[in-house]
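S.K.: Let me give you the structure first, and then I'll get to my questions.
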Amino acid sequence: MKKVLSFLLTAYVSVPVLLYLFPWILSYAIFSHLLRLPYSVDLRRPQDVLNHTCNFYLSPEEGVSVGVWHTLPASQWEAAAGRNLDWYQEALGDGRPVIIYLHGNVGTRAISHRVELVKILSAAGYHVLSLDYRGFGDSSGEPSEAGLTNDALYLHQWAKARSRGIICLWGHSLGSGVATNAAVKIQEQGSAVDALILEAPYTRIGEVVANNRLAKLYMFLPGFESLLWNILERINISFSNDKNLQTLSSPLLILHAEDDKVVPFHMGQKLYQISLRAQRESETGDRVQMISYGANLGLSHSRICSAPDLAGVVQKFLQNLERER
């Protein structure tokens, strides 16, 4: 019994030591990109899980290739029969909104709740570009905050050159930080993202890490929380939505479930208030919205795709923006 207790104590104490000595462990935990779920799906064959979707690859920088699925609006399915990749790209110029979907950590663009969301958006009449960042899925390279942001920026520029409609960045969980980072970069370049939709967004990634059940086992240890923040600084990961939304002027829609255990609901509320204050100062506060989903719906962190009338919520948000163009 003493040997068992000694082993458990040693294992417990070793975690902070390992994190300090090997900070990349925390990076791998945050991205969880090595869990390339679902393993049964061939990402080169999106038609196995999505109708009228083509797969292609982009090179945001030398030595990096990222996989993208382009799903057509349902109204174009009949016209798409037998068409090739060039036709799909030309179809982006039909004036319909394009949604760039930036997913969360773990898995690929083929995970079920991501596929379900894309189906809803396609049925609602939108083009959807689903990106697997570098290191995720069949994309090459290693993930980093700067790298993921650059991947999203490149895809946005690629879509912007081909589309005549609104381009919306949709970020879920980890992807919310990628979306606001990219939006800030675009705004700094003298323009602005047409629209932002943040699903289950956090304030800063460090606060999500601290909220993790495993991390909570150590939070009472003196200095452990400071150690986490120090490691995040060392590995250059912050994903600061709270800071980004203080400067962004793009129309914003936040979607958050009250029973979210991964990214607590209060984080979404805080971001809404931050953005509302920031945009009121620039007299655009009416373009900031938040939709809350009650705990009774059981949507939690990844099932907002099952929310009642999600398509209607998104359509109303984007149609208002189209009328302003």
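S.K.: Failed condition for residue 6, given (1) under 23 Å from residue 173 (Cβ atoms); (2) open to solvent by 40 Å² or more (accessible area, probe 1.4 Å), with all others met?
M.R.: Every condition holds for residue 6 apart from (1).
S.K.: Counting just the residues of segment 41-67 that are under 22 Å from residue 150 (Cα atoms) and of a type in the set (Ser, Thr, Tyr), which one comes out most open to solvent (accessible area, probe 1.4 Å)?
M.R.: Step one: of segment 41-67, the residues under 22 Å from residue 150 (Cα atoms) are 43, 55-67.
With the extra rule that they be of a type in the set (Ser, Thr, Tyr), the set shrinks to 57, 59, 65.
On the way: 57: 96, 59: 70, 65: 37 Å².
Residue satisfying both the conditions and the ranking: 57.
S.K.: Could you list, in sequence order, all residues of segment 13-24 that are open to solvent by 60 Å² or more (accessible area, probe 1.4 Å) and free of Cβ contacts under 8 Å to residues at least 24 places away in the same chain?
M.R.: If we filter segment 13-24 for residues that are open to solvent by 60 Å² or more (accessible area, probe 1.4 Å), which is where we start, we get 13, 17-18, 20-22, 24.
Scanning segment 13-24 gives 13, 17, 18, 21, 22.
Residue-wise test of (1) in contact (Cβ under 8 Å) with a residue 60 or more places away in the chain; (2) open to solvent by 50 Å² or more (accessible area, probe 1.4 Å).
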| position | (1), (2) |
| --- | --- |
| 188 | no, yes |
| 192 | no, no |
| 211 | no, no |
| 227 | yes, no |
| 232 | yes, no |
| 273 | no, yes |
| 276 | no, no |
| 294 | no, no |
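S.K.: Considering each of 138, 94, 132 in turn, give the residue that is at negative phi and crowded, with 21+ Cβ neighbours inside 10 Å. Let's see the steps before the verdict.
M.R.: Numbers: 138 fails: crowded, with 21+ Cβ neighbours inside 10 Å; 94 fails: crowded, with 21+ Cβ neighbours inside 10 Å.
132 is the lone residue from the list that is at negative phi and crowded, with 21+ Cβ neighbours inside 10 Å.
S.K.: Take the residues of segment 154-186 that are crowded, with 24+ Cβ neighbours inside 10 Å and β-branched (Val, Ile, Thr): which is farthest from residue 275 (Cα to Cα)?
M.R.: Ranking the qualifying residues of segment 154-186, first place goes to 178.
S.K.: Here are some residues: 29, 81. Which one is under 21 Å from the mean Cα position of the chain (by Cα) and either surrounded by fewer than 20 Cβ atoms within 10 Å (Cβ to Cβ) or not in a helix (DSSP H, G or I) (or both)? Write out each step before concluding.
M.R.: Details: 81 fails: under 21 Å from the mean Cα position of the chain (by Cα).
Being under 21 Å from the mean Cα position of the chain (by Cα) and either surrounded by fewer than 20 Cβ atoms within 10 Å (Cβ to Cβ) or not in a helix (DSSP H, G or I) (or both) holds for just one of 29, 81, which is 29.
S.K.: Sticking with this one: Here is a list: 254, 274, 231. Which entry is of a type in the set (Val, Ile, Thr), at pLDDT 95 or above and under 30 Å from residue 10 (Cβ atoms)? Before the answer, list the steps.
M.R.: On the way: 254 fails: under 30 Å from residue 10 (Cβ atoms); 274 fails: under 30 Å from residue 10 (Cβ atoms).
Among 254, 274, 231, only 231 is of a type in the set (Val, Ile, Thr), at pLDDT 95 or above and under 30 Å from residue 10 (Cβ atoms).
S.K.: May I ask you to verify whether residue 307 is within 18 Å of residue 175 (Cβ to Cβ), modelled with pLDDT of 95 or more, surrounded by fewer than 21 Cβ atoms within 10 Å (Cβ to Cβ) and touching a Phe, Trp or Tyr at 6+ places or on another chain (Cβ under 7 Å)?
M.R.: Working: within 18 Å of residue 175 (Cβ to Cβ): yes; modelled with pLDDT of 95 or more: yes; surrounded by fewer than 21 Cβ atoms within 10 Å (Cβ to Cβ): yes; touching a Phe, Trp or Tyr at 6+ places or on another chain (Cβ under 7 Å): yes.
In short, yes.
S.K.: Go through segment 133-186 and give me each residue that's part of a helix (DSSP H, G or I) and more than 21 Å from residue 236 (Cβ to Cβ).
M.R.: Applying the first criterion (part of a helix (DSSP H, G or I)) to segment 133-186 yields 145-160, 174-186.
Within segment 133-186, 155, 156, 157, 158, 159, 160 meet the criteria.
S.K.: Among the candidates 104, 125, 175, 165, which residue alone is modelled with pLDDT of 95 or more and on the phi > 0 side of the Ramachandran plot?
M.R.: Working: 104 fails: on the phi > 0 side of the Ramachandran plot; 175 fails: on the phi > 0 side of the Ramachandran plot; 165 fails: on the phi > 0 side of the Ramachandran plot.
One residue alone meets the criteria, 125.
S.K.: Given the criterion in contact (Cβ under 8 Å) with a residue 60 or more places away in the chain and out of contact with any Lys or Arg (no Cβ under 9 Å at 6 or more places or on another chain), identify the matching residue among 155, 196. Step through it out loud before you land on a result.
M.R.: On the way: 196 fails: in contact (Cβ under 8 Å) with a residue 60 or more places away in the chain.
Just a single option satisfies the conditions, and that option is 155.
S.K.: Is there a residue being open to solvent by less than 20 Å² (accessible area, probe 1.4 Å) and without any contact (Cβ under 8 Å) to a residue 40 or more places away in the chain anywhere in segment 100-109?
M.R.: Step one: of segment 100-109, the residues open to solvent by less than 20 Å² (accessible area, probe 1.4 Å) are 100-104, 107-109.
Now restrict to residues that are without any contact (Cβ under 8 Å) to a residue 40 or more places away in the chain: none.
No, there is no match, as no residue in segment 100-109 is open to solvent by less than 20 Å² (accessible area, probe 1.4 Å) and without any contact (Cβ under 8 Å) to a residue 40 or more places away in the chain.
The values are calculated or read from the model by the stated rules, or taken from the named source; none is laboratory data. Given the structure is predicted, the values throughout are model-derived calculations rather than measurements. Cβ sites come from the backbone with ideal geometry, for glycine too, and all protein chains shown count toward neighbours. In case anyone asks, the SASA skips ligands and DNA or RNA and just uses the protein heavy atoms, side chains included. Shrake-Rupley method; radii C 1.70, N 1.55, O 1.52, S 1.80 Å.
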